[in-house]
Amino acid sequence: MKFFRLFVFFLLAVIVTIAVMTFMLPTSQKISRTITINAPAAVIYNYVEKLENFNKWSVWTQEDSSAVYTLTGIDGTAGATTYWKGHPEISGEGKIEIASLQKDKTIVQQFHFIKPRAINATSTIMLNETEKSRTAVTWDFAIATPRPGNIFNLFSSMDKQIGKDFEDGLSNLKSTIEKSQSLKQ
């Protein structure tokens, strides 16, 4: 009987510890990458504001050739949405909606992953023109990890898992923009 009582106390201590930790841990994870592009902020903004162009520089769209994209609304304006449905194990299903735009400065998008599991995230692309034709582009991605699931933030880092995808995407964007700029000269 004494062993059973000790086991129950141990189990309660574990449950209380986990419950307390869920309130102490953050309820989101953030990925942030920056690259400098040799182009004015206006040029980059005019390209990045369009959802159809996101599919050209993002590495995720290049990984699944079976994905189908549907655009609703006026691309490049708040409220425009692109839906995708692809291979369940690669790209799954979801949508990206342009939440807000600040001309030549910021593009905020809401990601709603539906399958393989429901996740919401906010993508923010910030442009900071450092010189006349050089712009620092920062891509922040905040993923909601609501309680009690936030306990897994201790064991899983989205930054480590997909941070390279953001670096590669920004490299693709840099290459695309700089090539278009050199063609104009």
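Checking the condition surrounded by 12 or more Cβ atoms within 10 Å (Cβ to Cβ), under 20 Å from ILE143 (Cβ atoms) and either at pLDDT 85 or above or not β-branched (Val, Ile, Thr) (or both), which residue from THR22, THR81, THR27, THR36 passes? Step through it out loud before you land on a result.
Details: THR22 fails: either at pLDDT 85 or above or not β-branched (Val, Ile, Thr) (or both); THR27 fails: either at pLDDT 85 or above or not β-branched (Val, Ile, Thr) (or both); THR36 fails: under 20 Å from ILE143 (Cβ atoms).
None of the other options fit; the residue is THR81.
Residue-by-condition table, conditions (1) on the phi > 0 side of the Ramachandran plot; (2) aliphatic (A, V, I, L, M); (3) buried (at least 18 other Cβ atoms within 10 Å of the Cβ):
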{"site": "VAL43", "(1), (2), (3)": "no, yes, yes"}
{"site": "ASN46", "(1), (2), (3)": "no, no, no"}
{"site": "GLU49", "(1), (2), (3)": "no, no, yes"}
{"site": "VAL59", "(1), (2), (3)": "no, yes, no"}
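Residues of segment 1-37 being out of contact with any helix residue (DSSP H, G or I) (no Cβ under 6 Å at 6 or more places or on another chain), of a type in the set (D, E, K, R) and not in a helix (DSSP H, G or I), which ones?
Selection gives LYS30 alone.
Could you pull out the residue among PHE152, PHE111 that is out of contact with any Pro (no Cβ under 6 Å at 6 or more places or on another chain), closer than 21 Å to LYS56 by Cβ and among the hydrophobic types (A, V, I, L, M, F, W, C)?
One residue alone meets the criteria, PHE111.
Would you confirm whether any residue within segment 136-157 is at pLDDT 90 or above, under 25 Å from THR36 (Cβ atoms) and among the β-branched types (Val, Ile, Thr)?
Let us first name the residues in segment 136-157 that are at pLDDT 90 or above, namely 136-142.
Keeping just the survivors that are under 25 Å from THR36 (Cβ atoms) gives 136-142.
Pick out the ones that are also among the β-branched types (Val, Ile, Thr) and you get 137-138.
Checking segment 136-157: at least one residue is at pLDDT 90 or above, under 25 Å from THR36 (Cβ atoms) and among the β-branched types (Val, Ile, Thr).
Would you check if there is a residue in segment 69-76 being touching a strand residue (DSSP E or B) at 6+ places or on another chain (Cβ under 7 Å) and under 22 Å from ILE177 (Cβ atoms)?
For segment 69-76, residues touching a strand residue (DSSP E or B) at 6+ places or on another chain (Cβ under 7 Å) and under 22 Å from ILE177 (Cβ atoms): present.
Counting just the residues of segment 111-135 that are surrounded by 16 or more Cβ atoms within 10 Å (Cβ to Cβ) and in contact (Cβ under 8 Å) with a residue 60 or more places away in the chain, which one comes out farthest from PRO88 (Cα to Cα)?
Selected residue: GLU129.
Hey, does segment 112-119 have a residue that's within 21 Å of LEU170 (Cβ to Cβ), assigned to a strand (DSSP E or B) and either among the β-branched types (Val, Ile, Thr) or in contact with a Phe, Trp or Tyr (Cβ under 7 Å, 6 or more places away or on another chain) (or both)?
Checked against the condition, which is being within 21 Å of LEU170 (Cβ to Cβ), assigned to a strand (DSSP E or B) and either among the β-branched types (Val, Ile, Thr) or in contact with a Phe, Trp or Tyr (Cβ under 7 Å, 6 or more places away or on another chain) (or both), segment 112-119 yields no hits at all.
Scanning for something in contact with a helix residue (DSSP H, G or I) (Cβ under 9 Å, 6 or more places away or on another chain) and in a loop (DSSP other than H, G, I, E, B), does segment 164-173 turn up at least one residue?
No, every residue in segment 164-173 fails to be in contact with a helix residue (DSSP H, G or I) (Cβ under 9 Å, 6 or more places away or on another chain) and in a loop (DSSP other than H, G, I, E, B).
Could you check, for segment 143-163, whether at least one of its residues is in a strand (DSSP E or B) and either of a type in the set (A, V, I, L, M) or on the phi < 0 side of the Ramachandran plot (or both)? Talk me through it step by step, then tell me what you get.
Step one: of segment 143-163, the residues in a strand (DSSP E or B) are 143-144.
Within this subset, residues satisfying the condition of being either of a type in the set (A, V, I, L, M) or on the phi < 0 side of the Ramachandran plot (or both) are 143-144.
Looking for residues that are in a strand (DSSP E or B) and either of a type in the set (A, V, I, L, M) or on the phi < 0 side of the Ramachandran plot (or both), one finds at least one in segment 143-163, hence yes.
The values are calculated or read from the model by the stated rules, or taken from the named source; none is laboratory data. The shown structure was predicted, so the numbers you read here are calculated from the model rather than taken from an experiment. Note: ideal-geometry Cβ built from the backbone for every residue, glycine included; neighbour counts use all protein chains shown.
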